[in-house]
Amino acid sequence: MSTPTAVVPPAPRFRPRRYLMCPPTHFTVTYSINPWMDPAKPTDTALAVAQWERLRRLLVGLGHRVDLIEPEPLLPDMVFAANGATVVAGRVLAARFRHPQRAAEAPAYASWFRAHGYQVHEATHVNEGEGDYLVTGTRILAGSGFRTDAAAHAEAQRALGRPVVGLELVDPRFYHLDTALAVLADDEIMYYPEAFSAHSRRLLQELYPDAVTATEEDALVFGLNAVSDGHHVVLSAQAVGLAARLAARDYVPIDIELSELLKSGGGAKCCTLEVRDR
Ligand code: ARG
């Protein structure tokens, strides 16, 4: 007689990913280009490294591949790899930063991609990579208002070969799209409606009537700056309300503490750049 064994059904939305990350070896806050950054507040680089390392291990443990780029000493924000480029189906669009303090990160990331065999499309308009370009199964949701120029969106559509939907951000605390919205699975998202203009809010409601919405409380602890593989959602440990809503939708929320990086206005998503080879 055979004993029945428990069969764990595969999570249908899960897809193993490849991420590029940059260790925060030189992390600190020496300038302020968003409301979270205060150079007068001390930072603890060793703690930033430990928190980041936990994120890296977590992603590897979930079955993802993590590649690393060498951090550069004069670029303290280089840890925020999401801003380094946008990659869709093997096509790479280089970033072009709004602020001079981060300008040199764009060629650093572009060189990494070239060295790894990718052709890089140079950007003529200001765009801060996946900070403002979030890729779903069918389209690219593109932020503007604080960093990426609205005029950059057409360039992204051409370079990356996916339709782009522009969304206007209106609250300076949520200066990049990935601080106010996250892609959970191919066509599922979560977002904080008040971060968007009335027009963009209506558009999001039309496109994603079943989206998970976040409260201001969860948005302010960077709960939306989350990394989802379609099943696990790695997000700020303080975003408890949001974690409960995700669990109710059959996602598996996983806590991550990145308090040091939050001093620069960044969270889990900011630390990862997804390399979509397909
Ligand atoms: N200090 C950085 C900046 O203001 C943080 C970037 C966070 N990255 C992100 N993808 N939201 O540019």
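The values are calculated or read from the model by the stated rules, or taken from the named source; none is laboratory data. Just so we're clear, the structure is a prediction, and the values are computed from it rather than from any experiment. Here the Cβ positions follow ideal geometry from the backbone for every residue, glycine too, while neighbour counts run over all protein chains shown. Accessible surface is based on the protein model in full, side chains and every heavy atom, while ligands, DNA and RNA are left aside. Shrake-Rupley method; radii C 1.70, N 1.55, O 1.52, S 1.80 Å.
Go through 18, 57 for me and flag whichever is under 16 Å from residue 269 (Cα atoms), more than 16 Å from the ligand (Cβ to nearest atom), open to solvent by 70 Å² or more (accessible area, probe 1.4 Å) and at pLDDT 95 or above.
Answer to the check: 57.
Only residues that are touching a helix residue (DSSP H, G or I) at 6+ places or on another chain (Cβ under 8 Å) and either more than 10 Å from the ligand (Cβ to nearest atom) or under 23 Å from residue 208 (Cα atoms) (or both): list them for region 91-109, please.
91, 92, 93, 94, 95, 96, 106, 108, 109, listed by residue number.
Take the residues in region 123-144 that are more than 17 Å from the chain's Cα centre (by Cα) and open to solvent by 50 Å² or more (accessible area, probe 1.4 Å), then tell me which one is farthest from the ligand (Cβ to nearest atom).
So, considering only residues that are more than 17 Å from the chain's Cα centre (by Cα) and open to solvent by 50 Å² or more (accessible area, probe 1.4 Å), the one farthest from the ligand (Cβ to nearest atom) is 138.
Per-residue answers, yes or no, for (1) open to solvent by 30 Å² or more (accessible area, probe 1.4 Å); (2) of a type outside the set (Phe, Trp, Tyr); (3) within 26 Å of residue 37 (Cβ to Cβ):
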{"residue": "148", "(1), (2), (3)": "no, yes, yes"}
{"residue": "161", "(1), (2), (3)": "yes, yes, no"}
{"residue": "201", "(1), (2), (3)": "yes, yes, no"}
{"residue": "238", "(1), (2), (3)": "yes, yes, yes"}
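What residue, of 42, 35, is surrounded by fewer than 18 Cβ atoms within 10 Å (Cβ to Cβ), within 20 Å of the chain's Cα centre (by Cα) and in a loop (DSSP other than H, G, I, E, B)?
35
Within region 208-216, is there a residue that is more than 16 Å from the ligand (Cβ to nearest atom) and assigned to a strand (DSSP E or B)?
Yes, region 208-216 has at least one match.
Considering each residue of region 129-161, count those that are touching a strand residue (DSSP E or B) at 6+ places or on another chain (Cβ under 6 Å), of a type in the set (Asp, Glu) and outside any loop (DSSP other than H, G, I, E, B), and give that number.
Total meeting the criteria: 1.
Looking only at region 97-119, how many residues end up being open to solvent by less than 30 Å² (accessible area, probe 1.4 Å) and of a type in the set (A, V, I, L, M)?
So the answer is 3.
Mind checking whether some residue in region 219-236 is surrounded by fewer than 18 Cβ atoms within 10 Å (Cβ to Cβ), more than 15 Å from the ligand (Cβ to nearest atom) and of a type in the set (Gly, Ala, Ser)?
For region 219-236, residues surrounded by fewer than 18 Cβ atoms within 10 Å (Cβ to Cβ), more than 15 Å from the ligand (Cβ to nearest atom) and of a type in the set (Gly, Ala, Ser): absent.
If you go through region 75-89 one residue at a time, do you hit one that is without any contact (Cβ under 8 Å) to a residue 24 or more places away in the chain, open to solvent by 10 Å² or more (accessible area, probe 1.4 Å) and of a type outside the set (A, V, I, L, M)?
No - not one qualifying residue is present in region 75-89.
Can you spot a residue in region 262-270 that is away from the ligand (no atom under 11 Å from the Cβ) and in a loop (DSSP other than H, G, I, E, B)?
no
Name the residue that is farthest from the ligand (Cβ to nearest atom), counting only residues in region 165-179 that are surrounded by fewer than 19 Cβ atoms within 10 Å (Cβ to Cβ) and aliphatic (A, V, I, L, M).
Once the filter is applied, the top-ranked residue is 165.
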